[in-house]
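In what follows, a single structure is set out as structure tokens and then discussed.
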Amino acid sequence: MAEPDEKEKEGLWWFANTDGSARVLHGQIEVQVGSPDPYLIQLYCERFGRWAETRVVPRLTNSFTKEKWYFNVLLPEFHQYLLSEEPLSISWESIAILINTEGSIVISPKRGKARTVVIITNTRRKWLLAVMKWLLHQGVSSRLRKRRLCIERRNSVEKLLRQVIHDLIFWKRLLAKLALTVNGEPWEYVETLVKQVKAIKQLIFKASKREIRRRIAESPPPPKF
């Protein structure tokens, strides 16, 4: 099996180190992530499935979102780069991955007009600073507020969304398309559209949670002694 090139390594690193986690297990590199979002889990399967067999199981957890899909993959040893504590590089693909895994696209009213803010949340301030600096070189301004990188200026938001929209998962792509269409428009004309996109997201998550509970009911975990 051929090793990934530098571009592929960059994308895999961001997936493994944002929502996901990477560690050494029996001489291999294990990547795992838990999420109620079926589109995000599908994206992990697509990206890592090129290098090894992926596994997804439903689980009930004690977290705020009880129902989650858990993704797991054991990768060959040459994926050691995933253990690095520093980003290999940053590109627009990296920004799309950050928005997919740890980002929010928020459309809300401000002074009677629709305003879009893109927020990326991460506990590693150093990473956010690196992303902030890279974005500035691309003409996108942002502000760092504790663990949140906020892109607020209209021209910056629109430039960023145009660059990443085609790499976003389904419901975030809907939000991005809507934001590019209605940003700056009177809120009274926009509010219903925003609610409709949010309703689509809620339906996706409700259906996902039902499927998780159905699968667990059909194949319950063995009892603990």
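The table for this structure:
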{"item": "Count - residues of region 21-45 that are farther than 18 Å from I204 by Cβ, surrounded by fewer than 21 Cβ atoms within 10 Å (Cβ to Cβ) and among the small types (G, A, S)", "result": "2"}
{"item": "Condition check for F64: farther than 30 Å from R214 by Cα, among the hydrophobic types (A, V, I, L, M, F, W, C) and at pLDDT below 95", "result": "no"}
{"item": "Pairs where the first residue, in region 100-124, is touching a residue at least 60 places away in the same chain (Cβ under 8 Å) and within 22 Å of P87 (Cβ to Cβ) and the second is of a type in the set (K, R) and exposed (fewer than 14 other Cβ atoms within 10 Å of the Cβ), C-beta under 9 Å, 6+ apart", "result": "N122/R147"}
{"item": "Whichever residue in region 46-55 is in contact with a strand residue (DSSP E or B) (Cβ under 8 Å, 6 or more places away or on another chain) and crowded, with 16+ Cβ neighbours inside 10 Å and, among such residues, is nearest to A207 (Cα to Cα)", "result": "T54"}
{"item": "Subset of region 120-144 (residues that are closer than 18 Å to V164 by Cβ and loosely packed, with under 14 Cβ neighbours inside 10 Å)", "result": "K133, L136, H137, G139"}
{"item": "Test for V117: is it under 30 Å from R153 (Cα atoms), surrounded by fewer than 19 Cβ atoms within 10 Å (Cβ to Cβ) and in contact with a helix residue (DSSP H, G or I) (Cβ under 9 Å, 6 or more places away or on another chain)", "result": "yes"}
{"item": "Matching option when the condition is of a type outside the set (F, W, Y) and under 30 Å from E8 (Cβ atoms), among S108, S94", "result": "S94"}
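The values are calculated or read from the model by the stated rules, or taken from the named source; none is laboratory data. Quick caveat: nothing in here was measured; it's all calculated off a predicted structure. Cβ: placed from backbone, ideal geometry, glycine included. Neighbour counts: every protein chain shown.
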